[in-house]
Every structure is written in structure tokens, then in C-alpha cells.
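**Q** Below: one structure in C-alpha cells.
Just so it is clear, none of the values below were taken in a lab; they were calculated from the coordinates. Fair warning: this is a prediction, and the values are worked out from it, not measured in the lab. Note that each Cβ is placed from the backbone with ideal geometry, even for glycine, and that neighbours are counted across all protein chains shown.
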Amino acid sequence: MLLEISTKVKCAIQRQLSQFAESVEFNSRKLDDILETVDAFKTTVKEIKNKNIELSNRNKNLEYRISSLEQRLQEQEQQQLIKTIDIFNILFTDNEDLFNVVQKIQQKLELEENITEVKRCGYNRSNSGKLRVVLPSETVKTKWLTKAKDTKVMVNDILPSASSLTGKKNHLHN
């Protein structure tokens, strides 16, 4: 009977050990799967970090380039303004010839320098805006300003029909 009990206990222990071994093997496989997944995540995180560093470097480079371009643009605008004068109180007329208007002002100021460009800025129906005149050089701009201070130029001297439109004589301000 002792032998029989011993055999039954031995069988029960072997079954328990077999089940335990299967459980350990199952858990080991699951642990291997988890470790593979963790390694895949680590690789993905590393790739994302590297990509983030690359994008950050590109972003810094682009910010630097934008800043450089903005600075160059400001320098060009400043260079342009060195040669630019604004003339106010010239009324807008249909089919206006701005170049001709500025040439009349130039004649009144007794100047003969070339005019590079003329355009109207800030115009709306309630405001005549201004004429922006681009001259060939800063020296020419200085001549214009000096002459404008010494010579009184009226709107109706340039546009005779202007006094009838406004009912008054307007002085041009440079």
C-alpha cells in the first residue's frame, strides 16, 4: 500500500511538474515576445529621435536662412529709400500720367536729373495719397529736397484743374 501511495504521489507530482514546466515554457515564450516588442519600440524611438534631431537642425537652418533673407530685404529697402522721395497732395485724376506730373514738378524746381520710377501709394477715394519718386542716386535726392525747400510749388502749378476740384490751392510737401 505504501508503494501504491508512493506511485500515486509520484504520478501526481510528475503531472504537477509537467503542468508547471508547460506553464514556465508558455510564460517564457510570452516574455520573449514582449522583449522582441520592446526592442522594436526601442528601435522605433531611436529612429524617431534621430529624425527629430534632423528636422530640428533643418528648422534651425531654415530660420537662419529666413533671417538672412529678411536682413537682405531690409538692406535693399533701405537702399531704395535712400533714393526715394514722397510728394503729397497730388490729386488722383483719371488717365493720369504720373511721370509727366513729376516732370512738371521737376521743371518748376529747375532740375534736370533723370527720374527712375514714379508710382502712387496710399490712394483711396477720400485721400489723394502720395507719389513715390525713385531717383538715380542719393545726391539727386538731396538736390530735389534742397530745391523743394527753396521753391514754393503749388498743386495748381502742376495740375491747373486741381484748384477747381478742391476749391483751394494746396502746397506740395516733399
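**Q** How much mean residue ellipticity at 222 nm does the chain get from its helices, if each DSSP H run of length 4 or more adds -39500 (n - 2.57) and you divide by all residues, to the nearest 500 deg cm²/dmol?
**A** For the chain, the value works out to -23000 deg cm²/dmol.
**Q** Counting pairs on different chains as well as pairs 8 or more places apart, how many Lys pairs in segment 1-82 have Cα atoms under 30 Å apart?
**A** Here the count comes out as 9.
**Q** Just the number, please: Stokes-Einstein D of segment 83-166 in µm²/s, Kirkwood Rh from C-alpha pairs, 25 °C, 0.890 mPa s.
**A** Translational D for this selection: 186 µm²/s.
**Q** Same structure, new question: Within the chain, what's the longest run with no GluC sites (Glu not before Pro) in a DSSP loop and at most 11 other beta-carbon atoms within 10 Å? Give the range, please.
**A** My reading of the result: 1-109 is the longest stretch.
**Q** Moving to a separate point now. From Cα pairs below 8 angstrom and at least 6 apart in sequence, can you work out the relative contact order of the chain, rounded to a whole percent?
**A** With pairs under 8 Å counted, the relative contact order is 20 percent.
**Q** Related question: Mind giving me the FRET efficiency for residue 36 and residue 16? R0 is 22 Å, r the Cβ-Cβ distance, nearest 0.05 is fine.
**A** 0.10
**Q** Could you tell me the calculated FRET efficiency between residue 65 and residue 27, based on Cβ-Cβ distance and R0 = 45 angstrom, to the nearest 0.05?
**A** Efficiency, rounded to the nearest 0.05: 0.20.
**Q** Just the Cα atoms of segment 1-139: what Rg and Dmax do they give in Å?
**A** Calculated on Cα positions, Rg and Dmax stand at 43.4, 139 Å.
**Q** Per the Kirkwood treatment, what hydrodynamic radius in Å, one decimal, follows for segment 1-82 from the mean inverse distance over all distinct Cα pairs?
**A** This gives a value of 19.5 Å.
**Q** Then there's this: If the limit is 18 Å between Cα atoms, which of 104/152; 108/149; 119/141; 108/141; 83/152 go over it?
**A** The pairs that break the limit, which is 18 Å between Cα atoms, are 83/152.
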